[in-house]
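Inspection log for the structure reproduced underneath, given as structure tokens.
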Amino acid sequence: MRALRGATTVEANDAEAILAATAELLSALAQENRVGSADLVSAVFTVTTDLDAAFPAAAARRLGWDLAMLCATEIPVPGALAHCIRVLLHAELPDGARPRHVYLRGATGLRPDLAYE
């Protein structure tokens, strides 16, 4: 089992925006790591304190993912990136595969070396 990290941002605290951005992030992580829903074990989602309009895990459910999930709020560190959604996925990867982490939108500044194109 391997851990896959990813993050994205949204423009505003809007439920559909949160769900759409989370679905985009999860789809990119699955595609980059060549995993399907049967390969996924669990997901831990965090959001910054300015996002409370929707649970990011709902996006995974919409994608048909049936796994253990948890949503949490990040600690409000001064100067931290706003409107940010992060995920830590635990998945079975193909033999010899290295995890590919995905950072989208405004979250690319967190890890420019892992920005998804």
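Here, each number is a calculation from the coordinates, and none is a lab measurement. In this text the structure is predicted, and so the values were computed from the model without any measurement.
Averaging the sequence gap over all C-alpha pairs within less than 8 Å and six or more residues apart, then dividing by the number of residues, gives the range 2-108 a relative contact order of 48 percent. Between amide H atoms placed 1.01 Å from N, distances below 5 Å from C71 occur with F45, all of them 5 or more places distant or on a separate chain. Angle of helix 15-33 to the longest C-alpha principal axis of the chain, folded into 0 to 90 degrees and rounded to 10: 30°. Counting 0.36 nm for each residue step from T73 to A15 and taking away their Cα separation leaves a gain of 19.3 nm. For the range 35-41, the Karplus equation 6.51 cos²θ - 1.76 cosθ + 1.60, evaluated at θ = phi - 60°, returns couplings of 10, x, 4, 5, 8, 8, 10 Hz by residue, with Gly and Pro reported as x. Going by Cα centres, the range 50-111 and the range 2-28 are how many Å apart? About 6 Å separates the Cα centre of the range 50-111 from the one of the range 2-28. Near the amide H of L93, within less than 5 Å, lie the amide hydrogens of R2, all on another chain or at least 5 residues away, with H placed in the peptide plane. The three principal axes of the Cα atoms in the range 26-100 give end-to-end lengths of 41, 24, 17 Å, sorted in falling order.
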